[in-house]
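These notes are about the structure you will find just below.
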Amino acid sequence: MKAVFRCVLGAGVLGLSVLAANVARADEEMDAATKACRPEIKRLCGDVKPGEGRRLACLSKRIDEVSADCKAAIKAVREKEAAESKK
């Protein structure tokens, strides 16, 4: 019984570790997008409250007005989100 408990506990810890790593990578993508899009965020979405992807949504609506670097960063975030949603 103890062996089964240890196995289940170990699997749970491993699962949490993988989840934490994925969240960290997603946060890295979002941080990169925030940095790349800082001027656009200020100019186009300065009145939008940060958090829960609101500023990213704002920039996405005005994608034709953002720089190439910002577009690339937004694309990276969206691709990461799409990959995570398939898991």
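The values are calculated or read from the model by the stated rules, or taken from the named source; none is laboratory data. Model, not experiment: these values are computed from the prediction. Backbone-built Cβ (ideal geometry, glycine too); neighbour counts: all protein chains shown.
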Boolean, A33 is among the hydrophobic types (A, V, I, L, M, F, W, C) and surrounded by 11 or more Cβ atoms within 10 Å (Cβ to Cβ): yes
Residue in the stretch 51-70 that is at pLDDT 95 or above, over 18 Å from A83 (Cβ atoms), not basic (K, R) and not in a helix (DSSP H, G or I) present: yes
